[in-house]
């Protein structure tokens, strides 16, 4: 291994461990689970909409604490769901600016593929594009990566080399490409939802007529 590689490895190990502390397991359906991102220290957790079923999900943190989450919002058009847990001593992830990402930049996908908690795969941003939806937005920006995804990665972070969340892993395209919703899209949705929830404690946000896009292979 080169000297530069040996110097980079400890940094990468530390980055991964930091991200794992802000990663949750979201049990939204009886026989399946996805990942969740601890978004802030107030207990907001972000995951994919398709991870959830009809009941309030159970969120398990990296320290094994479990909480029944309250659903603050579900938006099928961008396949995101915002949860709230009543917990302290949380380790929120650092949210990066996805609008600054460029094709060819290094990415890491972290999640729970096939039940392997906190597994990491490596790749690059292979394409920045848009997906057509059947909702009012019409199109949503997406990021494509060759970091390998599998069932259990849904709702987990796609991070850059600095350990910042720049996407939310959502589905597999064409069998070998991962797709993520950019962090900028998630940030805007969370901002809207939290502004509404501050007005009324029991508020619930779910846009009308948002059936999502033609999902090729959700994970």
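Derivation of every value follows stated rules applied to the coordinates shown; laboratory data play no part. As the structure is a computational prediction, the values presented were derived from the model and not from experiment. All Cβ positions, glycine included, derive from the backbone under ideal geometry; neighbour counts span all protein chains shown.
Would you mind ranking 122, 108 so that the residue whose beta carbon has the fewest other beta carbons within 10 Å leads the list?
On the way: 122 13, 108 20.
The most exposed by this proxy come first: 122, 108.
Sort 83, 189 so that the residue with the fewest other Cβ atoms within 10 Å of its own Cβ comes first and the one with the most comes last. Present the calculation step by step, with values, prior to reporting the outcome.
On the way: 83 28, 189 21.
Least to most surrounded, the residues fall as 189, 83.
Work out Dmax and Rg for the range 1-91 from the C-alpha atoms and quote the Rg first, both in angstrom.
Answer for the range 1-91, Rg first and Dmax second: 15.6, 52 Å.
Quote the relative contact order of the chain in percent (integer), defining contacts as alpha-carbon pairs under 8 Å separated by 6+ residues. Working shown, then result.
Numbers: 546 pairs, mean separation 43.2, N = 219.
Once normalised by length, the contact order is 20 percent.
Nearest 500 deg cm²/dmol is fine: what mean residue ellipticity at 222 nm does the chain get from its DSSP H runs of n ≥ 4 alone, each adding -39,500 (n - 2.57), divided by its residue count? Mind showing how you got there, number by number?
Numbers: 2 runs with 34 residues, N = 219.
The per-residue figure over the chain is -5000 deg cm²/dmol.
Test of understanding: in a Gaussian network model of the chain with alpha carbons linked when under 10 Å, which of 153, 49, 100 would top the mean-square fluctuation ranking?
100
Taking 0.36 nm per residue of sequence separation and subtracting the Cα-Cα distance, how much length would be gained by fully extending the chain between residue 29 and residue 102, in nm to one decimal? Don't jump to the answer; show the numbers that get you there.
Details: separation 73, 0.36 × 73 = 26.28 nm, distance 3.51 nm.
Result: 22.8 nm gained on full extension.
Can you tell me which of 128, 52, 93 moves the most in a GNM of the chain? Springs connect C-alpha atoms under 10 Å apart.
Checking each option, the largest mean-square fluctuation is seen for 128.
Of 126, 197, 183, which is the most mobile in a GNM of the chain whose springs link Cα atoms less than 10 angstrom apart?
Result: 197 has the largest fluctuation of those listed.
Antiparallel DSSP bridges in the chain: what percent, to the nearest 5?
Details: 50 of 52 bridges.
The antiparallel fraction comes to roughly 95 percent.
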